[in-house]
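Step one of this worksheet: look at the structure below.
The values are calculated or read from the model by the stated rules, or taken from the named source; none is laboratory data. Values in this document were obtained by computation on a predicted structure and should not be read as measured data. Note that we place each Cβ from the backbone using ideal geometry, even for glycine, and neighbour counts take in every protein chain shown. Protein only, heavy atoms only, side chains kept; ligands, DNA and RNA dropped before computing areas. Shrake-Rupley method; radii C 1.70, N 1.55, O 1.52, S 1.80 Å.
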Amino acid sequence: MLPHGIRRTACALALAAPALAFAQAQGLRLERTLPGPPPADPAEVPIHVIADRMEGVASDELVASGDAELRKPTGWLKADTIRYFRATDEVEATGNVRLRVGGDYVTGPRLRMRVAEPQGIFEQASYELAPRARRSTDPRRSSQPVPIRGEAEALRLGPEDRYRLTDGSFTTCKPTETGWSISAEELDLDFGRSVGTARNLRLDFLGVKTPPIPYASFPLNDERKSGFLPPIFGIQGRVGPEILVPYYWNIAPNYDATITGRYMQKRGLQLIGEGRYLQPTFNGRVNLQYLPNDLELDTDRWYMSWQHTYINRTLGLSGAVNYNRVSDDNYFRDLSGRLALATQIYLPQDAFLTYGSSLAGASYSVTGRVSKFQTLQDPKNPIPIPYNRVPQILFSALKQNTLGGFDAGATAQFDQFEHPTLVTGSRTYVYPYLSYPLLTAGTFIVPKVGVNATYYSLDRVTPGLPTSPTRVLPIASVDAGAVFEREMQFGGREVIQTLEPRAYYLYVPYKDQRQLPVFDTSRADFNYAQIFSENAYLGWDRIMNANQVTLALTSRLIVPETGQEALRGVVGQIFYFQDQAVPLLGVAPQAASRSPYLLGLGGIVWPNVFAEAIGVFDPDSLRAQRLNAGIRYQPAINKVLNLGYRFTDAAITPPTGIRQVDVSGQWPIYGGVYAVARLNWDLNADKPVERLLGMEYNAGCWALRAVWQAFPNSAGQDTNVFFLQLELGGLASIGSNPFEILRRNIPGYTRFNQAPDPLRQQFDYFD
């Protein structure tokens, strides 16, 4: 027997690891001091028992009482009394029992468990389980650990990080928060597999309990798991109230599918299926939707989509498929609540394959492509049908630093155009070129000369026009620029200012091209990229004559510690030495001696205030022809206000031009209540274009969102959508997801407890 009455300061026992086993050769050792730093090898770390009193038989059991404590490298156990049984390597703790295993903390009146594993059973337990790290063999996946707390009539500690609760509950809410919890007769939390299962469970939300659910399985982090996802509820004007019940099928680590039943009050029952796949050289997704017997139209409706990407760097091959088709023109207008879909008028059906390699120091690539479109017509506003390209073949080659420093290259393209009513045929062009780059650390001069030769073979032409017209045009240019830097003070801090002048001269002789068809060519927008391009048109059916020089100046203020642009300004203009004389479908070419000014300015204009503006201005009157301007105030996460203005002159966008004001924001109102809103107002028509109004409530461990959106579809009719979502922190979201809508409509919008994306200090015309 151990001596009775030893004071706590001296009664500390060290027992050999890994379990509370009594060493046969050495027996018990009485330590007179508390344990010091542990050895490097965890297997050699002893287990310490501290108590006011200890008694027992070395070969049988040990009893520690009076604020007893057992310590291991991975945790500790505290209780009024701790009794150890050597034969079974178990401890029994009673009275104010507290257990710490790793980051988990459990309390209760009684515990019996094995020491080595540990595993055992707690009676009337309260627990706090620390967030678990991600368990995945795929380093590209990230998951959000889930902290959990709750109570149980009995809590069993299992091997491999597993807890089983009887008549228990759990929640991710903090003790000070009023929110939600899940109670169940049996609750199994398997952190080894990151899966939770429950039997006869109820969800208690703010005191309101759901009917019992016989069985449920759910992930304990964001790792994928097969099973039913929370239902989605919503209201849309054209489908009425709707409910979606999705089932997620985790087929394999690189394959999955989601099968959804969607019931719409006005339309009926729709089946939606989406599958995803991932392989080392390719990946993609397939989306199929089928609505048998639309209740309003009495007909079947469907949609199919296939996106596929292929990259094989070993073979030098890459390609993609983007195929989309619907059963009728009004499918998205009637059934979709997403602006991007409801306003679609052309569905692409596109596929390409590219081969790239090098030969004799020259790099080259060959691409084969097929491009078609399904045009979603509006009988009240007929939409032009675009040409299909079946096929298109592209070739490009470049050999740098050859022939004494020259760069030699060529591009070529063959297109076969099809159309149900217009001129059809093929177009072939070849464009070889030669350039001589002169580069230094701060300057560049790149002269370039090439020849564009184009040949057509046409069918269904207007009588009197040639069926095989040709065009040969030389193209010459010189691009030059420099970058100067200086240190200066701005806003009370050191910054680097750059000054970047650039000049671009272009010469293309005039050639009459009125006998050539127009398959895919349009006038290019006047922006920063276009003023340095070789052609004022997009496409090769027209090449604008040119004898002109572009002058531009860019200046930036850069924070040297971070490399962030605090401010950027740009000005540019084209000077014409002869009139442009190649028209396109009634669009008059530039007749003035100089182009409009292109002006842009943007950056951090005040703490937490970001502003940018880009415009095209008349060179004589300085009157705006086109202007996009915006300002954003974002002092913190979940607090942002935006104001924007868009203007286009009637000469550019007939008949009335565009004048729109856009206001949006996310802002706290009171407590955890936030308002979200957007209004896009047409000043010419004096009516709204797009509207969004909603409320978010952040309660810490749960959030509620209600959002209404109205926008015109491709037929000019309003589509109204209502989103309602309840987010249970760390578990699931119930209802329709408004995040994409909010992100697209409110620049700078952020979810609760999420840092905002870095703000891009970049103008649209640089994209």
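May I ask you to give the average projected area over all directions of the convex hull of the Cα atoms of the chain, in nm² rounded to one decimal?
46.0
When the trypsin sites (Lys or Arg not before Pro) in region 462-552 are filtered for DSSP coil states and for at most 14 other beta-carbon atoms within 10 Å of their beta-carbon, the remaining sites are Lys511, Arg514. If you roll a 1.4 angstrom probe over the protein chains with everything in place, what fraction of the accessible area of region 295-407 belongs to carbon and sulfur, to the nearest %? About 59 percent, which is the carbon plus sulfur part of the accessible surface.
Label-to-label distance for Gln307 and Ala360 is 4.2 nm, based on points extended 7 Å past Cα in the beta-carbon direction.
Two decimals is fine: what's Rg over Rh for region 646-709, C-alpha atoms, Kirkwood radius as Rh?
That ratio equals 1.22.
Working from the Cα coordinates of region 296-387, the gyration tensor eigenvalues give, after taking √(5λ), semi-axes of 37, 14, 10 Å in decreasing order. Give the Debye-formula value of log10 I(q)/I(0) at each listed q (0.19, 0.22, 0.23 Å⁻¹), with one equal scatterer per alpha carbon of region 216-259, two decimals each. Per q value, in the given order, log10 I(q)/I(0) is -0.67, -0.78, -0.81. Would you mind classifying region 617-726 by shape? Square roots of the alpha carbon gyration tensor eigenvalues, ordered a ≥ b ≥ c; an a/c under 1.5 is rounded, otherwise it is prolate if a/b is larger than b/c and oblate if not. Oblate, since a/c reaches 1.5 and b/c is not below a/b.
Phi angles of region 659-671 translate, via the Karplus equation with coefficients 6.51, -1.76, 1.60 and θ = phi - 60°, into HN-Hα couplings of 9, 9, 10, 10, 10, 8, x, 9, 8, x, 9, 7, x Hz per residue; Gly and Pro are given as x. Average accessible surface for region 421-495: 57 Å² per residue, computed with a 1.4 Å probe over protein heavy atoms with every protein chain in place. For region 366-423, the alpha-carbon radius of gyration amounts to 1.81 times the rule-of-thumb value 2.2 N^0.38 Å expected for a compact globular protein.
Of Gly694, Val390, Leu438, whose Cα points farthest to the positive end of the dipole of the chain (charges on the beta-carbon: +1 Lys, Arg; -1 Asp, Glu; origin at the Cα centre)? Of the listed residues, the answer is Leu438.
Dividing the Cα radius of gyration of region 175-317 by its Kirkwood radius returns 1.08 for Rg/Rh. Quick one: Debye curve from the C-alpha atoms of region 548-638, no solvent, what's log10 I(q)/I(0) at q = 0.11, 0.12, 0.23 Å⁻¹? Calculated log10 I(q)/I(0) at the listed q: -0.47, -0.54, -1.18. For region 327-430, dividing the convex hull volume of the Cα atoms by the residue count gives 155 Å³ per residue. Remark: the Leu553-Arg285 segment gains 92.0 nm on full extension, using 0.36 nm per residue and subtracting the alpha carbon distance. In this structure the amide hydrogen of Ile383, modeled in the peptide plane, comes within under 5 Å of the amide hydrogens of Asp378, none closer than 5 places in sequence on its chain. Share of pairwise Cα-Cα distances greater than 22 Å in region 159-258 is 44 percent (whole percent). Taking the alpha carbon gyration tensor of region 489-633, multiplying each eigenvalue by 5 and rooting it gives semi-axes of 36, 16, 14 Å, largest first.
Could you pull out the longest piece of the chain with no exposed loop GluC sites (Glu not before Pro) in it, calling a site exposed if DSSP puts it outside H, G, I, E, B and it has at most 11 other Cβ atoms within 10 Å?
Longest site-free region, per DSSP loop and neighbour criteria: 161-560.
Which loop-located trypsin sites (Lys or Arg not before Pro) does region 254-313 contain, where loop means any DSSP state but H, G, I, E or B and the Cβ has at most 13 other Cβ atoms within 10 Å? Of the trypsin sites (Lys or Arg not before Pro), the ones in loops of region 254-313 whose Cβ has at most 13 other Cβ atoms within 10 Å are Arg313. Taking 0.36 nm per residue of separation and subtracting the Cα-Cα distance, full extension of the segment from Val478 to Phe575 would add 33.5 nm.
When all alpha carbon pairs of region 442-494 are counted in 5 Å bins from zero, the resulting P(r) reads 4, 12, 12, 9, 9, 9, 7, 8, 7, 6, 5, 4, 4, 4, 0 %.
Put simply, the convex hull of the Cα atoms in region 272-324 casts, on average, a shadow of 4.0 nm². In the context of the full set of protein chains, region 266-380 has a per residue accessible area of 54 Å² (1.4 Å probe). Available extension along the chain between Ser621 and Leu271 is 120.1 nm, counting 0.36 nm per residue and deducting the alpha carbon span.
Residues whose amide H lies under 5 Å from that of Asp294, counting only those 5 or more places away or on a different chain, are Thr299, Asp300, Arg301; hydrogens are built 1.01 Å from N in the peptide plane. Between the residues Asn527, Ile574, Leu203, the greatest Cα displacement towards the positive end of the dipole of the chain, with unit charges on the Cβ of Lys, Arg, Asp and Glu, is found for Ile574. Just to check I understand the Karplus step: with θ = phi - 60° and J = 6.51 cos²θ - 1.76 cosθ + 1.60, what whole-Hz values come out for region 705-713, glycine and proline as x? These are the phi-based 3J(HN,Hα) values: 10, 10, 9, 10, 9, 9, 8, x, 8 Hz. Taking θ as phi - 60° and the Karplus parameters 6.51, -1.76 and 1.60, the scalar couplings of region 80-91 work out to 5, 9, 10, 10, 10, 10, 5, 4, 10, 6, 10, 10 Hz in sequence order, x denoting glycine and proline. Placing one equal scatterer on every Cα of region 342-388 and applying the Debye formula, the log10 ratio I(q)/I(0) at q = 0.13, 0.23, 0.26, 0.31 Å⁻¹ is -0.50, -0.84, -0.95, -1.10. Of the trypsin sites (Lys or Arg not before Pro) found in region 56-134, the ones in coil according to DSSP and having at most 16 other Cβ atoms within 10 Å of their Cβ are Arg134. The H on the amide N of Ser327, modeled in the peptide plane, is under 5 Å from the matching H of Trp302, each at least 5 residues off or on a different chain. Share of region 457-516's accessible area from carbon and sulfur, percent, 1.4 Å? Carbon with sulfur: 54 percent of the solvent-accessible area.
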